[in-house]
1. Hey, could you get me the Stokes-Einstein D for region 282-363, Kirkwood radius over alpha-carbon pairs, 10 °C and 1.306 mPa s, rounded to whole µm² s⁻¹?
2. Please compute the Cα-Cα pair-distance distribution of region 231-367 with 5 Å bins starting at 0, giving whole percents from short to long.
3. If R0 is 35 Å, what FRET efficiency do you get for residue 119 and residue 200 from their C-beta distance, rounded to 0.05?
4. Post the alpha-carbon centroid distance, region 1-53 to region 161-227, in whole angstrom.
5. Just the Cα atoms of region 36-168: what Rg and Dmax do they give in Å?
6. Bin width 5 Å, alpha-carbon pairs only: give the P(r) of region 1-105 as whole percents, running from 0 to the bin holding the largest distance.
7. Under the 0.36 nm per residue contour assumption, what length would be gained going from the current alpha-carbon distance of residue 293 and residue 253 to full extension?
8. Using all alpha carbons of the chain, what is the percent of pairwise distances in each 10 Å bin, ordered from the shortest bin to the longest?
């Protein structure tokens with residue numbers, strides 16, 4: 001399958017080729033023709049890192065009338081980073097098309113700056129729910145002409161406490177608009193949103209999780225005592241001296257503790273966790289993207305929206321509770337056709353968990369030392 005065969009225009013296709021995107025992923029193959037051909041509501045279930053931005057972005061861009069100076073598309077995302085990433089991707093997709101203007105609005109930046117930007121011609125708004133509600137309350141944005149509302153990482157928006165804001169936004173856009181919802185999981189709270197705001201005739205697509213784990217990732221695990229984990233990690237990091245990677249913990253406390261321990265051993269690294277201010281978070285992400293620091297310690301929620309190229313490895317210092325999070329984490333490496341390593345540091349009681357991940361995701365782990 002090619003993007004042309006899916007119905008993507010020549011101009012958009014040219015932009016994709018410049019980005020090195022030539023073969024559609026499973027979600028793109030199934031979603032793009034449906035969303036291009038008909039004005040329809042849509043529910044797509046697929047993991048993070050499966051190419052959802054192009055799956056909804058290309059059909060949305062195809063619908064925009066560049067001559068109309070009004071907001072026609074709205075994309076909601078849980079974090080500032082994901083919002084910025086989506087806006088950046090849309091900009092790159094449209095390199096050879098008529099000028100389509102996208103504006104990203106989110107918390108952590110002065111609202112006045114965003115209000116003045118929205119006075120320029122804008123066709124698509126990418127927003128975090130909280131900031132969008134603030135802009136609506138200030139009458140700084142008009143979303144009445146919107147034809148398509150897209151919810152990206154919908155489950156994450158709910159788990160971050162945005163249900164009330166989503167209700168406000170979806171209620172305000174009611175009428176002749178379509179809702180396209182993309183999510184890694186569909187919990188009960190999301191079912192309620194779907195029941196209330198998505199058409200009963202919506203197209204529904206589920207991408208089998210067995211197809212979502214990148215085959216260029218090598219999965220390894222080390223069994224040891226909890227007390228020896230730090231030594232095992234530092235031994236591994238010595239072998240990966242020239243490489244960049246992310247070390248994942250389950251909790252904020254564990255992330256902070258590990259950060260202090262590695263700092264004490266003179267490692268250059270950054271920390272990402274939920275309680276950080278946006279300013280501190282931006283500073284860390286800038287340093288990591290600029291390769292000033294080669295290592296990042298992060299919790300699962302804090303890592304949402306991270307898109308950094310050429311990461312050689314991820315380390316699971318603590319295994320995640322949810323299977324989806326293993327896919328999210330390991331999917332940070334081996335991007336754009338590169339190889340990558342996903343290493344889990346576990347205690348003996350967790351071997352059964354490794355076997356469960358193998359069974360569920362149809363992957364094979366190799367035990368080292």
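Please treat every number below as a calculation from the coordinates, not as lab data. Fair warning: this is a prediction, and the values are worked out from it, not measured in the lab. Note that each Cβ is placed from the backbone with ideal geometry, even for glycine, and that neighbours are counted across all protein chains shown.
1. Numbers: Rh = 13.8 Å.
In µm²/s, the coefficient rounds to 115.
2. Calculated P(r), rounded to whole percents: 2, 9, 21, 25, 22, 14, 6, 2, 0.
3. The pair residue 119/residue 200 has a calculated efficiency of 0.35.
4. So the two Cα centres are separated by 18 Å.
5. Over region 36-168's Cα set, Rg and Dmax evaluate to 14.0, 39 Å.
6. 2, 12, 24, 26, 23, 11, 2, 0
7. Working: separation 40, 0.36 × 40 = 14.40 nm, distance 2.14 nm.
Length gained between residue 293 and residue 253: 12.3 nm.
8. 5, 24, 32, 25, 12, 3, 0
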